[in-house]
Amino acid sequence: MDSVYAVAREGLLADFSRLTIQSQNLSNIDTVGYKRQVALTSGFDARLGELSSVDGRDYQTTTVSDVRPGVLKQTGRALDLALDGDGFFSVRTASGVRYTRRGDFTVAAGGRLVTAQGDVVLAGGGDLVLPNSDVRVDSEGKVYDGDRQLGQIDVVQFDDPRKLQYVGDAQFEAAAASPTTDRTVTQVRSGYLEASNVQPAHEMTALMGISRQVELTRGVLTSRDEMLDSAINTLAQF
């Protein structure tokens, strides 16, 4: 492959990866508990090793989560829960245990506490069955029906939550991170929801920057094509 085209290709792959991530952030502005995703692209020297790859995938761009908290918004609903601290709720999904800051929980058939997507919210590693939605949740995640404690919602911590891998619906998997059950630095806030930490103006500015970069790369490719056409036409005259 022509070196100019190879370098441009690597640049475009990185730009398209970043565009995907920025678009995802913008589409989740209103998603409860969503954490902005950040693209990390290897330096040019590191990317040179991939110039010969032709499968169209970007091997040098990864994502990490911006784990800064979002604004807590009061709802007054007992089963709307927010986390004041670095913890995560644990939920059981069809793909295994996942972790989330999204706390717009509800009561499913049979009384199980579930997420908005229907995944089971774990309490003591198992299901939490409620008689109804008229319950009380304290700052430790203990759930009460009157004076009777029904269970305690699992809240876990991670030494480095940036290692969590985003999997959609404001959920993460912890393939590269190990959770602990240290509750000392995270409190549960009943009647609140954590807003997405995406800042629309920031994301739009980033999108415009990426678009300009794509246009510059397109200009380089256009100039390269014109140079090759000129060279071919010149040689054809001899």
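The values are calculated or read from the model by the stated rules, or taken from the named source; none is laboratory data. Here the structure is a predicted model, which means the values were calculated and not measured. We place every Cβ from the backbone using ideal geometry, glycine too, and count neighbours over all the protein chains shown. When the accessible area is computed, the model is the full protein with side chains, heavy atoms only, and any ligands, DNA or RNA have been set aside. Shrake-Rupley method; radii C 1.70, N 1.55, O 1.52, S 1.80 Å.
Could you please find all residues in segment 100-135 being under 20 Å from the mean Cα position of the chain (by Cα), open to solvent by 20 Å² or more (accessible area, probe 1.4 Å) and closer than 25 Å to Q157 by Cβ?
R102, D104, A116, Q117, D119
Test of understanding: among D86, D80, D119, D104, which residue is acidic (D, E), touching a Phe, Trp or Tyr at 6+ places or on another chain (Cβ under 9 Å) and at pLDDT 95 or above? Walk me through how you get there before you give the answer.
Numbers: D86 fails: at pLDDT 95 or above; D119 fails: touching a Phe, Trp or Tyr at 6+ places or on another chain (Cβ under 9 Å); D104 fails: touching a Phe, Trp or Tyr at 6+ places or on another chain (Cβ under 9 Å).
Sole residue among the options that is acidic (D, E), touching a Phe, Trp or Tyr at 6+ places or on another chain (Cβ under 9 Å) and at pLDDT 95 or above: D80.
Please specify each residue of segment 168-216 satisfying the condition of being part of a strand (DSSP E or B) and surrounded by fewer than 16 Cβ atoms within 10 Å (Cβ to Cβ). It would help to see each step written out before you state the result.
Here is the first cut: in segment 168-216, the ones part of a strand (DSSP E or B) are 168, 171-173, 179-180, 187-190, 192-194.
Selection gives G168, T180.
In segment 66-99, what residues are crowded, with 19+ Cβ neighbours inside 10 Å and hydrophobic (A, V, I, L, M, F, W, C)?
Listed by number, the residues that qualify are L79, L81, A82, L83, F88, F89, V91.
What pairs come out if I take residues in segment 8-33 that are on the phi > 0 side of the Ramachandran plot and pair them with residues that are open to solvent by 30 Å² or more (accessible area, probe 1.4 Å) and modelled with pLDDT of 90 or more whose C-beta lies under 7 Å away, six or more apart or interchain?
Correct list of pairs: G33/R102.
Please work out if D147 is acidic (D, E) and in contact (Cβ under 8 Å) with a residue 60 or more places away in the chain.
Details: acidic (D, E): yes; in contact (Cβ under 8 Å) with a residue 60 or more places away in the chain: no.
Taking the combined requirement at face value, the residue does not satisfy it.
Looking at segment 128-144, which of its residues are among the β-branched types (V, I, T) and either assigned to a strand (DSSP E or B) or touching a residue at least 60 places away in the same chain (Cβ under 8 Å) (or both)? Full working, then the answer.
Our first condition is that a residue be among the β-branched types (V, I, T); within segment 128-144, this holds for 129, 135, 137, 143.
Correct list: V129, V137, V143.
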